[in-house]
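J.: Take a look at this one; I'll ask things after.
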Amino acid sequence: MDYQLRNRTALITGSTSGIGFATAELLAREGANVIVNGRTKESVAEATEALKNRVPSAAITGIVADFNDREAAAALIAEIDAVDILVNNVGVFTSQSFAETPDVDWYKLFEVNVMSGVRLSRAFLPKMLAQGWGRIIFISSECAQLVPEDLIAYSMTKAAMLSIARGLAQTTKGTSVTVNSVMPGSTLSAGAERFLKEQAVKQNKSEEAVASDFFKNVRTTSLLGRFTSTEEIAQAVVYLASPISSATNGSVLKADGGSVPGIM
């Protein structure tokens, strides 16, 4: 399938690994001009080099910005004139009980996960509307609806992203600009891989057994019964980034393996 993304410029925040990197790679393979983002020069350099090696014909650039730093976010916006596709993917999390989560963690999670998308959308959405085409995609999470008790603060930020995306979509009525969200389920990111390795050692089990136990005992609602790959999530993102998704606006595209019960 031709996603019709040649020569479109795409910025993917938090794209040096995980879902962000997989999305950057797939967009590059579809001919988009990709801007990779990460917190450090080293991580951005490694990611851009890896992408260039995997997709030699692609136009890949990198930009460093730590979205916990407002000035760094402002500098990124000042450096990039405009984009056709904005993927608000950057995110951090902390696994703690509600009582043990201090204010500083709530503020950091909100600053990085929510305000990064707010600031970038505020900068680039008007330009998309002016040029007559654009895509903004927020990477939310199944936690927005499932809300694990040790991830309440993180889940709050992911629910906020859904509201922001829907609200921004309202402002695009009658245009060729769309704003949507993707809701991944439990995904085999670098963090998930570390978790599996640590638990395998701790429990004296194989990583496969730990993963199986997770879906039997924790994520019991999953219909897929396994971790999704970052590439599977990237496919959903690239669909929404493409002109072929023109009828999808203000929507939440679930790629959660059926973990969130219900039909909506």
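J.: Could you identify which residue out of PRO184, PRO243, PRO56 has the top mean-square fluctuation in a GNM of the chain using Cα springs shorter than 10 Å?
T.: Most flexible of the set in this elastic network: PRO56.
J.: Hey, any idea what the orientation-averaged projected area of the convex hull of the stretch 92-189's Cα atoms comes to, in nm²?
T.: Across all orientations, the stretch 92-189 yields a mean hull projection of 6.6 nm².
J.: Tally Lys and Arg at +1 and Asp and Glu at -1 over the other residues with C-beta under 12 Å from the C-beta of ALA159: what net charge comes out?
T.: +1
J.: Across the stretch 175-185, in residue order, what do the Karplus-derived ³J(HN,Hα) couplings come to in whole Hz, using 6.51 cos²θ - 1.76 cosθ + 1.60 with θ = phi - 60° and x for Gly and Pro?
T.: For the stretch 175-185, the Karplus-derived couplings read 10, 9, 9, 10, 10, 9, 10, 10, 10, x, x Hz, x marking Gly and Pro.
J.: Using θ = phi - 60° and the Karplus curve 6.51 cos²θ - 1.76 cosθ + 1.60, what whole-Hz ³J(HN,Hα) does each residue of the stretch 146-155 get, with Gly and Pro shown as x?
T.: 7, 6, x, 5, 9, 10, 5, 5, 4, 4
J.: For the stretch 202-244, take every pair of Cα atoms, bin their distances at 10 Å starting from 0, and report each bin as a whole percent.
T.: 24, 35, 26, 13, 3
J.: Could you list the GluC sites (Glu not before Pro) in the stretch 131-240 that lie in coil according to DSSP, counting only those with at most 13 other Cβ atoms within 10 Å of their Cβ?
T.: Passing both the DSSP loop test and the Cβ count: GLU149.
J.: For VAL104 and MET264 in the same chain, what is the full-extension length gain: residue separation times 0.36 nm, less their Cα-Cα distance, in nm?
T.: Using 0.36 nm per residue and subtracting the Cα-Cα distance, I get 54.2 nm.
J.: Same structure again: Whose amide H sits under 5 Å from the amide H of PHE138, counting only residues 5 or more places off or on another chain, with H placed in the peptide plane?
T.: The answer is ASN88, ASN180, SER181, VAL182.
J.: Explain nothing, just compute: Karplus ³J(HN,Hα) = 6.51 cos²θ - 1.76 cosθ + 1.60, θ = phi - 60°, for every residue of the stretch 23-33 in order, whole Hz, x for Gly and Pro.
T.: Taking θ as phi minus 60°, the curve returns 5, 4, 5, 5, 4, 4, 5, 8, x, 6, 8 Hz for the stretch 23-33.
J.: If I stretch the segment between SER246 and ARG226 completely, what's the gain in nm (0.36 nm per residue apart, minus their alpha carbon distance), one decimal? Don't skip to the answer; put the middle values down first.
T.: Values: separation 20, 0.36 × 20 = 7.20 nm, distance 3.08 nm.
Computed gain between SER246 and ARG226 is 4.1 nm.
J.: Got the relative contact order for the stretch 81-132 handy, in percent, Cα pairs under 8 Å and 6 or more residues apart?
T.: Details: 20 pairs, mean separation 28.6, N = 52.
This gives 55 percent for the stretch 81-132.
J.: Among (1) 1.32; (2) 1.14; (3) 0.96, find the value of Rg/Rh (Cα atoms, Kirkwood Rh) that was calculated from the structure presented, and write down its label.
T.: (3)
J.: With a 10 Å Cβ neighbour count serving as the proxy for reagent exposure, in which order, fewest first, do VAL87, VAL238 appear?
T.: In order of increasing Cβ crowding within 10 Å: VAL238, VAL87.
J.: Please rank LYS52, LYS254, LYS173, LYS158, fewest neighbouring Cβ atoms within 10 Å first, as an exposure proxy.
T.: LYS173, LYS52, LYS254, LYS158
J.: Oh, and also: Hey, can you rank 28-34, 222-228 by average C-beta count inside 10 Å, highest first?
T.: Averaged packing, sorted descending, gives the order 28-34, 222-228.
J.: Please list, ordered by chain and number, the residues whose modelled amide H lies under 5 Å from the amide H of ASP256; skip anything fewer than 5 residues away on the same chain.
T.: Amide H to amide H, under 5 Å and 5 or more residues apart or across chains, ASP256 pairs with GLY185.
Since every read-out is calculated from the coordinates, none of them should be taken as a lab result. In this text the structure is predicted, and so the values were computed from the model without any measurement. Virtual Cβ from ideal backbone geometry, glycine too; neighbours counted across all protein chains shown.
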